[in-house]
1. Examine the stretch 264-278 for a residue that is within 30 Å of N117 (Cα to Cα) and surrounded by fewer than 16 Cβ atoms within 10 Å (Cβ to Cβ), and state whether such a residue exists.
2. Given the options S241, S235, S182, name the one that is within 30 Å of P114 (Cβ to Cβ) and among the small types (G, A, S).
3. With the structure loaded, tell me whether D103 is acidic (D, E), under 39 Å from the mean Cα position of the chain (by Cα) and buried (at least 20 other Cβ atoms within 10 Å of the Cβ) or whether it fails that test.
4. Would you confirm, using the coordinates I've provided, whether T377 is modelled with pLDDT of 85 or more and not basic (K, R)?
5. Considering each residue of the stretch 117-132, count those that are over 10 Å from L79 (Cβ atoms) and touching a residue at least 60 places away in the same chain (Cβ under 8 Å), and give that number.
6. Only one of these is crowded, with 18+ Cβ neighbours inside 10 Å, aliphatic (A, V, I, L, M) and more than 24 Å from the chain's Cα centre (by Cα): I242, I238. Name it.
7. Quick one: would you say G266 is of a type in the set (G, A, S) and out of contact with any Leu (no Cβ under 6 Å at 6 or more places or on another chain)?
8. Out of all the residues in the stretch 293-308, which are farther than 21 Å from L202 by Cβ and either within 13 Å of the chain's Cα centre (by Cα) or without any contact (Cβ under 8 Å) to a residue 12 or more places away in the chain (or both)?
Amino acid sequence: MEKNSASMIPLCSESLGKHGTVCIFGTGDFGKSLASKLLQGGYSVVFGSRNPLTSGLLPKTAEVLSHAEAAQKASIIFLAVHRENYDFISELSHVLDGKVLVDVSNNLKMNQYPESNAEYLARLVPKALVVKAFNTVSAWALQSGALDASRQVLVCGDDNEAKQLVMDIARGIGLTPLDQGSLIAAKELENYPLQLFPMWKLPVYISFGLTAFFFLYCLLTDVIYTYINEGKDISFCIAISIPNRVFPIVSLILLGLVYLPGVIAGFLQLYRGTKYKRFPDWLDRWMLCRKQLGLIALAFAFLHVIYTLVTPIRYYVRVWLTDYTISQVIMFSTSSCIHKFCLYTDHYIGCGATFFRGVVLFTKPLPKVTNMKGFVTFCFSFQSKLGHITLLLCTAHTLVYGWNFFLISSSYKWYLPPADTLSLIIPCTVLVLKFILITPCVDRTITRIRQGWERRSES
């Protein structure tokens with residue numbers, strides 16, 4: 001139930017004013033960073049401190065008073081102290097009556113206390129309007145301009161006017177507030193910063209699983225097979241050669257997994273004839289982590305580039321080149337440039353240059369540019385098309401690399417297909433399905449569905 005604020009001072013943004021006063025309890029890193037941002041936004045700042053005389057590192061234009069004196073000068077107070085130090089709040093309950101108290105605290109571990117810090121604070125000062133906000137924004141983000149995802153300020157509270165006031169302040173200093181509902185959501189907001197790489201858990205598991213599988217697969221088909229059948233020990237390949245095969249394979253598969261859920265969603269909408277039905281939970285979760293899958297794919301591609309560039313300085317490569325040169329001299333023969341192999345290697349390297357297109361695809365454009373609505377729409381369409389082109393060229397890169405391996409029986413060691421062949425299953429499936437979706441008749445139907453048309457609406 002929302003608290004009744006009718007008897008209190010008005011809490012709208014007009015009452016605070018562009019040059020209104022904001023109080024901050026706490027003179028730590030976050031308090032100082034927030035004060036600097038508020039001062040830049042045109043607000044006046046007063047600090048409440050246990051020791052008002054200690055103000056050397058605080059912004060010069062900010063006033064430093066005792067807690068009680070500072071609270072009397074503002075209608076909104078940011079509490080930038082740890083829960084363990086909330087004891088002094090109870091003593092100020094008479095001063096905080098009717099004030100908006102913004103709790104920005106976090107804990108050391110998830111679900112550390114039975115109730116959230118904000119709910120505990122609301123119990124200590126029941127007549128204050130407690131709002132949970134700014135706990136997902138770091139002091140560093142405030143100092144550096146709070147770009148990209150760190151612009152978001154998650155806000156929750158039981159009083160709508162109090163929440164609106166906090167959200168207006170967030171907008172006033174260049175942040176993006178998101179209303180998360182009542183104060184019950186505070187516990188979830190406090191757990192959020194403690195999540196290790198949110199939305200990265202599934203992509204990391206997938207990438208580690210694929211890496212382990214293909215590493216063991218290549219170890220079996222290359223090193224172990226060669227040792228058992230030919231008696232040769234090439235275990236040195238474990239350090240560079242095998243990883244340099246695994247990295248591009250995993251990168252290509254992950255890139256395919258980025259675009260596969262979108263294709264599945266398209267066929268699902270086509271089958272249902274509507275866009276107003278929820279996707280299955282597994283598909284929703286998959287689509288939410290596509291960006292993470294793409295970034296991991298880019299990281300593996302980058303490792304592939306590094307490992308490829310070190311190939312000329314490897315000992316066994318230099319020994320092989322030396323032996324080959326000596327054998328040519330002894331035989332008084334030279335090897336002429338074969339046009340077919342020149343064409344093959346140039347196309348292989350050219351398709352591999354798709355790596356740099358991936359940098360453009362998965363790196364967010366400049367924040368100031370992406371704030372333009374038209375450019376956001378353009379980026380979405382552009383990145384989608386560029387992404388499928390990138391997938392096509394990466395697949396072509398693998399096909400050109402293995403053009404003479406896929407159909408040779410000796411490449412199937414112990415009847416196992418080459419690892420490069422396995423890596424093409426998902427990307428080729430995505431490209432074939434995408435080709436079906438972009439055919440004119442199918443594309444027109446899907447476009448109408450995504451614009452709101454439903455198949456049963458014409459019956």
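1. As a first pass, look at the stretch 264-278 and keep what is within 30 Å of N117 (Cα to Cα): none.
The answer is no, given that none of the residues of the stretch 264-278 is within 30 Å of N117 (Cα to Cα) and surrounded by fewer than 16 Cβ atoms within 10 Å (Cβ to Cβ).
2. Values: S241 fails: within 30 Å of P114 (Cβ to Cβ); S235 fails: within 30 Å of P114 (Cβ to Cβ).
On inspection, the qualifying residue turns out to be S182.
3. Numbers: acidic (D, E): yes; under 39 Å from the mean Cα position of the chain (by Cα): yes; buried (at least 20 other Cβ atoms within 10 Å of the Cβ): yes.
Judged against the criteria, D103 is a match.
4. Numbers: modelled with pLDDT of 85 or more: no; not basic (K, R): yes.
Considered against the rule, which asks whether it is modelled with pLDDT of 85 or more and not basic (K, R), T377 comes out as no.
5. Number satisfying all stated conditions: 3.
6. On the way: I238 fails: crowded, with 18+ Cβ neighbours inside 10 Å.
None of the others qualify; the one that does is I242.
7. Details: of a type in the set (G, A, S): yes; out of contact with any Leu (no Cβ under 6 Å at 6 or more places or on another chain): no.
So G266 fails the test.
8. The answer is I306, and nothing else.
The values are calculated or read from the model by the stated rules, or taken from the named source; none is laboratory data. Nothing here was measured: the structure is a model prediction, and the numbers come from that model. Methodologically, a virtual Cβ is constructed for each residue, glycine included, from the backbone with ideal geometry; neighbour enumeration extends over all protein chains shown.
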